[in-house]
Amino acid sequence: MKAHRIIQGALLLAAAQLPFVIACARVVEGSDGAETEAEPDRGDDTDPGPESSDTTSGGGAEATDPALDLFACGFELSCERVVVHISAVPPETLPCAARLVLGGGTGVLGSLLTPGPYVDETESLIFVLGDGTALVQTRERHCGREGMECGPTPVWELSQHQICDLVVSPDLEAACEADTEECAFLPWGDVTNCRAVEEHTCEDVTALLAAR
C-alpha cells in the first residue's frame, strides 16, 4: 500500500511539472522565434539604405577627385615668383605684383612659402583676372618634424580651383604712385575670401587671361 502511494505521488508530481516544462519550452522556443523574427525589424530601423550608402560613397569620391593641375600648364609669370622663408625674395616682385593688380589687366603671379623645417612648402598660382578677382590654385608638400629626418621628398598635393578677391586699398594706390616701399602686393596675404569654383583647363585659363 505504501509503495502504491509513493508511485501515485510520483505520478501526480510528474503531471504537475509537465505544464511547467511545456511552458518553459514554449518560452524558449518563442524567444528564438522572436529573435529570428525581430532581426528584419531591427534591420529596417538601422539599415542605412541605398540613399545613405550613395551619399557616403558620393562624398568620398568627391573628396578624392584630383584637381586639374594648372602648374603643369607652363604659364609664364608676369612677375618673378616670390619665395618667402625669412623674408620675401626677390623684393622687387612685390611692387611688380602691386602694379599688375592696380593696372586692371590680367596676368599670372606665383609665390612659394617655405617656413621649414625640412620640407614645408606651399606654392600658389594666382591668375589675375582684371576685375578685382583671381583664379587661384595651391599645392603643398610637408614632411618631417622636430627630431625626425625626412625620407623621400613627398609628392605635391593640389588644391581645388578657387576664385578669390584681391585686396587693393587706397593706401596701396598712393604708395605705388609715390613709389614707396609700401607699394607691395602680397600674393600670400592680399588674396582673400576664396570660394570653390568649377575646374578650369589650361585652355580655359588662357581664354580668361586674354579676355581683357
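Throughout, read-outs are computed from the coordinates displayed, never taken from laboratory work. The structure displayed is predicted, hence computed values, not measured ones. Glycine gets a Cβ as well: all are built from the backbone with ideal geometry, and neighbour counts include every protein chain shown.
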Exercise. Ranked highest first by average number of other Cβ atoms within 10 Å, how do 91-97, 73-79 line up?
Worked result: 91-97, 73-79
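Hey, can you rank 131-138, 157-164 by average C-beta count inside 10 Å, highest first? Show your work: numbers first, answer last.
Working: 131-138: 19.0, 157-164: 16.2.
By packing density, highest mean first, the sequence is 131-138, 157-164.
Counting residues in segment 70-210 as N, plug N into 2.2 N^0.38 Å and put the Cα Rg over that result.
1.10
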Exercise. Arranged from highest to lowest average of other beta-carbon atoms within 10 Å per residue, in what order do the peptides 197-203, 108-114 appear?
Worked result: 108-114, 197-203
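Just want to confirm a number: the relative contact order over segment 63-135, from Cα pairs under 8 angstrom separated by 6+ residues, in percent. Mind dumping the intermediate values first?
Values: 104 pairs, mean separation 20.5, N = 73.
Relative contact order of segment 63-135: 28 percent.
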Exercise. If we count other beta carbons within 10 Å of each Cβ, what is the order of Arg195, Arg212, Arg81, fewest first?
Worked result: Arg195, Arg212, Arg81
For this session: For Val119, list long-range residues whose amide hydrogen, built 1.01 Å from N in the peptide plane, is under 5 Å from its own amide hydrogen.
Result: Cys143
Problem set entry | Estimated FRET transfer efficiency (Ala174, Asp69; beta-carbon r; R0 35 Å; 0.05) | 0.35
